[in-house]
Amino acid sequence: MEIKQVKVEVLLPEETIIPLRDALHSEGFLKVGDYDHVVSFSYVHGYYRPLETASPFKGERGIIQTGTECKLTFRCMLEEVRAVQAIIERVHPYEEPVMYVVPLLDI
């Protein structure tokens with residue numbers, strides 16, 4: 001079975017959703033059929049601890065942090081993933097953006 005499309009999930013602060021959405025759209029992504037700007041998001045609660053060598057966006061080195069952020073979800077073609085990743089890394093405020101790429105079955 002050949003994988004053609006993937007689902008991308010990226011964790012980010014809510015104020016970054018629109019700038020990232022617009023940057024992805026301006027490069028021709030986020031289209032589904034006759035629609036564009038196709039993304040969804042949900043609120044998630046998580047934990048993290050910045051290590052001593054980190055430059056955290058939020059929180060203090062060495063202390064476990066907790067907080068609410070958003071999970072932005074959209075789909076793209078498998079061959080577009082590297083370009084999408086570059087846009088995410090350019091727009092995202094975190095030192096280490098968390099991004100998941102999940103293969104989608106063509107049914």
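Relative to the longest principal axis of the C-alpha atoms of the chain, give the angle of the C-alpha long axis of helix 81-91, reported between 0 and 90° and rounded to the nearest 10°.
It works out to around 40 degrees.
How much net charge surrounds E60 when only the other residues with a Cβ under 15 Å from the Cβ of E60 are counted, with Lys and Arg +1 and Asp and Glu -1?
Working: positive: R49, K58, R61; negative: E52, E95.
That works out to +1.
How far, in nm, would the chain grow between L78 and K58 when pulled straight, counting 0.36 nm per residue and subtracting the alpha carbon separation? Write down the numbers at each step before the final one.
Values: separation 20, 0.36 × 20 = 7.20 nm, distance 3.20 nm.
Gain on extension, L78 to K58, equals 4.0 nm.
Which of the GluC sites (Glu not before Pro) found in region 12-87 are in a DSSP loop and have at most 15 neighbouring Cβ atoms, other than their own, within 10 Å?
Working: sites: E14, E15, E27, E52, E60, E69, E79, E80; in loops: E27, E52, E60.
Of the GluC sites (Glu not before Pro), the ones in loops of region 12-87 whose Cβ has at most 15 other Cβ atoms within 10 Å are E27, E52, E60.
In debye to the nearest 20, how big a dipole does the chain give about its Cα centre with +1 on each Lys and Arg Cβ and -1 on each Asp and Glu Cβ? Could you put the intermediate results ahead of the total?
On the way: 11 positive and 17 negative charges, 36 e Å.
Here the chain has a charge dipole of around 180 debye.
Under a 10 Å cutoff between Cα atoms, tell me which one of R90, R75, R21 has the largest fluctuation in the Gaussian network model of the chain.
R90
Where a ≥ b ≥ c are the square roots of the eigenvalues of the C-alpha gyration tensor, would you call the chain rounded, which needs a/c under 1.5, or, failing that, prolate if a/b is larger than b/c, or oblate?
Working: a/c = 2.18, a/b = 1.92, b/c = 1.13.
Cα axes put the chain in the prolate bin.
Sequence gap at least 6, Cα distance under 8 Å: using those rules, report the relative contact order of the chain to the nearest whole percent.
47 percent
What is region 1-47 by shape, rounded, prolate or oblate, if you read a ≥ b ≥ c off the alpha carbon gyration tensor as root eigenvalues and call it rounded for a/c under 1.5, prolate for a/b larger than b/c, and oblate otherwise? List each step's numbers first, then the result.
Details: a/c = 2.40, a/b = 1.32, b/c = 1.82.
Oblate, because a/c is 1.5 or more while a/b does not exceed b/c.
At 222 nm, what value in deg cm²/dmol follows for the chain if DSSP H runs of at least 4 each add -39500 (n - 2.57) and the sum is divided by all its residues, to the nearest 500?
Numbers: 2 runs with 21 residues, N = 107.
That calculation yields -6000 deg cm²/dmol at 222 nm.
Each reported figure results from applying straightforward, stated rules to the coordinates on display, with no laboratory input. Note that the structure is a prediction, hence the values are computed from the model and not measured. Here Cβ is always computed from backbone atoms with ideal geometry, including for glycine, and neighbour counts include all displayed protein chains.
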